Amino acid sequence: FSASFSLDPDFTIAPVSRRTFGSFVEHMGRCVYTGIYEPGHPTADSDGFRQDVLALTRELGVSLVRYPGGNFVSGYRWEDGIGPVADRPVRRDLAWRSLETNEVGIDEFMRWAGKAGVEVMYALNLGTRGVQEALDVHEYVNHPDRTRLAELRRSNGTPKPYGIKMFCLGNEMDGPWQTGHKTAHEYGRLAAETARALRSAEPGLELVACGSSSSQMPTFAAWEAEVLELAYDQVDYISAHAYYQPIDGDIASFLASAIDMDHFVNSVVATADSVGAKLKSTKKLKISFDEWNVWYLREFQEGVESAPPDWEWPVAPRVIEDCYNVADAVVVGNLLISLLRHSDRVPVACQAQLVNVIAPIRSEAGGPAWRQTIFHPFAITSRLARGEVLRVELQAPTYETKRFGAVPVLDAVATHDAESGDVTVFVVNRHQSGAADLAVSLAGFAGDLRVAEAWTLADDDLTATNTEEHPDRVVPHPAERAEVSDGVLKAALPPVSWTAIRLT
Ligand code: AHR
């Protein structure tokens, strides 16, 4: 089948936000311990950080990392993780039923973030704690000097403040599973007061209120509306979280997961704007999509529910170490297309998580680190999406899905970097058997554009994965027949594929 669209440098949505390429490090499973941190590993540096994982993090093109949770943060005492490591307490982590040794805390993590070259978005505990704890963390990380906690930071080895800009006001507080779960009213008041206090300390902070933990929550939209009616003036962002997986083997719907993400974003924007209208505010709230990915969540939930009670409290157990296949990578590439398309309202997004726990990077204790299939579309999109996001009005056939009805077989977005002149097209073919002939009119661009690089991720075996034994079984290949002639980019897109084409 064939599909087409036209690109024009004037039809812009918003600048590409580097923060779209965020990730997430939670004290959960083996994300921190034997993930980013493993003293004694052959590649560990003098701080105990795995340099193989650091190198992959840089290659992935991560811009920002949310830390330290996740559900974990709602029972976390940040001060357990500072000072001499030998004096730090071991605590129960109720979220993941494990023990937290606190060997890594905020100072270690900030050092790791410096080495990885990423900005940190810090999540505050508004589950078991409140305004005072938020102020204390802020004083420790951002206050310049003379106060007790700023001086404590200095005595712990960091005289200069870290200057963290973004703070999440809790995590998934709408979820009954959350330690210290709250009603929308309770949370909205707490978020507003915490934000007000933080802003008194540092007016320029960027603050994220918790939205729903998924659009399937029974309180979805009502939660956002009530929270924002209480906290609209105090916060800059409302969060969104979404995880996707094939349900009952329905690959056709799974491949169209970005339809749900689009709908989710549009619904939250509509809800936020309606609260703004009601409050007669000219301010436009943004979305921090600070957890998204493919996650085989049902299998995890069934495993937890059917497992006999285990009263052992392990340290850094294997939790949700999903092994991703080709279809998962195509979906991840498509979710990034959706996020880019919404750059005007979604300038921040974090793929959950970075290492081992539903992650693009896998590592083994004492062993290697490798790229999962989903690593590739993320790394290439982060590297190539530059300048302005361009609007795409796709002409493509549709296919039927159980979950979303008729959906377009292709999805695409493009970026244009006026400085370098580069135009990059990101496109997925969701069709399970048909190849697509894509034609993109470049008539709006002066001068001749030619293909500089073109990559496709596809495979005859949709279930193929990358493993410790075969870490490069699934990698992107040069795209088929991608070329420009007479101002039209043409490319052949195999079934179930993700493709990026940079023109210069
Ligand atoms: O990313 C895994 C978990 O998913 C996070 O801890 C939680 O916020 C979400 O439910």
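Restricting region 181-212 to residues that are touching a residue at least 60 places away in the same chain (Cβ under 8 Å) and hydroxyl-bearing (Ser, Thr, Tyr), the residue that is surrounded by the most Cβ atoms within 10 Å (Cβ to Cβ) is Thr194. Against the test of being modelled with pLDDT of 95 or more, within 25 Å of Phe24 (Cβ to Cβ) and in contact with a His (Cβ under 8 Å, 6 or more places away or on another chain), the options Ser239, Ser213 yield a single qualifying residue, Ser213. Against the conditions (1) more than 20 Å from Arg383 (Cβ to Cβ); (2) free of Cβ contacts under 8 Å to residues at least 24 places away in the same chain, His477 satisfies every one except (1). Of the residues making up region 395-416, those that are part of a strand (DSSP E or B) and more than 29 Å from Val16 (Cα to Cα) are Tyr399, Glu400, Thr401, Gly405, Ala406. Of the helices (runs of 4 or more DSSP H) lying entirely inside region 245-317, the ones with 1 or more residues being in contact with a helix residue (DSSP H, G or I) (Cβ under 6 Å, 6 or more places away or on another chain), among the hydrophobic types (A, V, I, L, M, F, W, C) and buried (at least 18 other Cβ atoms within 10 Å of the Cβ) are found at 257-278.
Condition first: free of Cβ contacts under 8 Å to residues at least 24 places away in the same chain, in contact with a helix residue (DSSP H, G or I) (Cβ under 7 Å, 6 or more places away or on another chain), farther than 29 Å from Asp262 by Cα and small (Gly, Ala, Ser). Can you find one or more residues in region 137-155 that meet it? Among the residues of region 137-155, at least one is free of Cβ contacts under 8 Å to residues at least 24 places away in the same chain, in contact with a helix residue (DSSP H, G or I) (Cβ under 7 Å, 6 or more places away or on another chain), farther than 29 Å from Asp262 by Cα and small (Gly, Ala, Ser), which makes the answer yes.
Total residues in region 162-180 satisfying the condition of being surrounded by fewer than 23 Cβ atoms within 10 Å (Cβ to Cβ), within 14 Å of the ligand (Cβ to nearest atom) and of a type in the set (Gly, Ala, Ser): the figure is 2.
What about Ala435, is it more than 27 Å from the chain's Cα centre (by Cα) and either at pLDDT below 95 or assigned by TED's automatic domain parsing to the domain that holds Val474 (or both)? Please lay out each step first, then the result.
Values: more than 27 Å from the chain's Cα centre (by Cα): yes; either at pLDDT below 95 or assigned by TED's automatic domain parsing to the domain that holds Val474 (or both): yes.
Taking the combined requirement at face value, the residue satisfies it.
From the residues in region 110-147 that are among the charged types (D, E, K, R) and within 20 Å of Ala191 (Cα to Cα), which one is surrounded by the most Cβ atoms within 10 Å (Cβ to Cβ)?
First pass over region 110-147, keeping only residues among the charged types (D, E, K, R): 111, 115, 119, 129, 133, 136, 139, 145-146.
Right, trim to within 20 Å of Ala191 (Cα to Cα) and you get 129, 133, 136, 139.
Values: Arg129: 21, Glu133: 18, Asp136: 16, Glu139: 18.
Of everything passing the filter in region 110-147, Arg129 is surrounded by the most Cβ atoms within 10 Å (Cβ to Cβ).
Scanning region 436-457 for residues that are small (Gly, Ala, Ser) and within 19 Å of Arg383 (Cβ to Cβ) yields Ala452, Ala454.
Annotation: of all residues in region 204-257 being of a type in the set (Ser, Thr, Tyr) and within 14 Å of Met173 (Cβ to Cβ), the one that is farthest from the chain's Cα centre (by Cα) is Thr219.
Out of everything in region 181-217 that is assigned to a helix (DSSP H, G or I) and among the small types (Gly, Ala, Ser), what residue ends up being farthest from the ligand (Cβ to nearest atom)?
The residue in question is Ser200.
When region 54-73 is filtered for residues that are hydrophobic (A, V, I, L, M, F, W, C) and either more than 19 Å from Asp107 (Cα to Cα) or touching a helix residue (DSSP H, G or I) at 6+ places or on another chain (Cβ under 8 Å) (or both), the ones remaining, listed by number, are Leu54, Ala55, Leu56, Leu60, Val62, Leu64, Val65.
Being farther than 23 Å from Lys165 by Cβ, of a type outside the set (S, T, N, Q) and without any contact (Cβ under 8 Å) to a residue 60 or more places away in the chain narrows it down to one of Ala86, Ala95, so name that one. Every option except Ala86 fails the conditions. Residue count for region 336-359 satisfying the condition of being assigned to a helix (DSSP H, G or I) and out of contact with any helix residue (DSSP H, G or I) (no Cβ under 6 Å at 6 or more places or on another chain): 3.
Scan region 219-251 for residues that are small (Gly, Ala, Ser), more than 16 Å from the ligand (Cβ to nearest atom) and in contact (Cβ under 8 Å) with a residue 40 or more places away in the chain and jot them down.
The answer is Ala221, Ala225, Ala231.
Residues checked against (1) surrounded by fewer than 21 Cβ atoms within 10 Å (Cβ to Cβ); (2) within 18 Å of Thr179 (Cα to Cα); (3) modelled with pLDDT under 95; (4) in contact with a Cys (Cβ under 8 Å, 6 or more places away or on another chain):
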| site | (1), (2), (3), (4) |
| --- | --- |
| Pro42 | yes, no, no, no |
| Asp45 | yes, no, no, no |
| Val53 | no, no, no, no |
| Arg58 | yes, no, no, no |
| Gly69 | no, yes, no, no |
| Tyr76 | no, yes, no, no |
| Ala86 | yes, no, no, no |
| Leu99 | yes, yes, no, no |
| Asn102 | no, no, no, no |
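In region 14-105, counting only strands (runs of 3 or more DSSP E) that sit wholly within it, the ones holding 3 or more residues that are within 16 Å of the ligand (Cβ to nearest atom) span 22-24, 64-67.
Matching residues to (1) away from the ligand (no atom under 16 Å from the Cβ); (2) touching a Leu at 6+ places or on another chain (Cβ under 9 Å); (3) assigned to a strand (DSSP E or B); (4) of a type in the set (Phe, Trp, Tyr):
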site: Ile320; (1), (2), (3), (4): no, yes, no, no
site: Val330; (1), (2), (3), (4): yes, yes, no, no
site: Asn334; (1), (2), (3), (4): yes, yes, no, no
site: Glu393; (1), (2), (3), (4): yes, no, no, no
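One residue stands out in region 366-387 among those that are out of contact with any strand residue (DSSP E or B) (no Cβ under 9 Å at 6 or more places or on another chain) and more than 15 Å from Ser63 (Cα to Cα): the one that is farthest from the ligand (Cβ to nearest atom), namely Gly366.
The values are calculated or read from the model by the stated rules, or taken from the named source; none is laboratory data. This one's a predicted model, so the numbers in the text were calculated from it and none came from an experiment. As a convention, Cβ positions derive from the backbone with ideal geometry for all residues, glycine included, and neighbour counts pool all protein chains shown.
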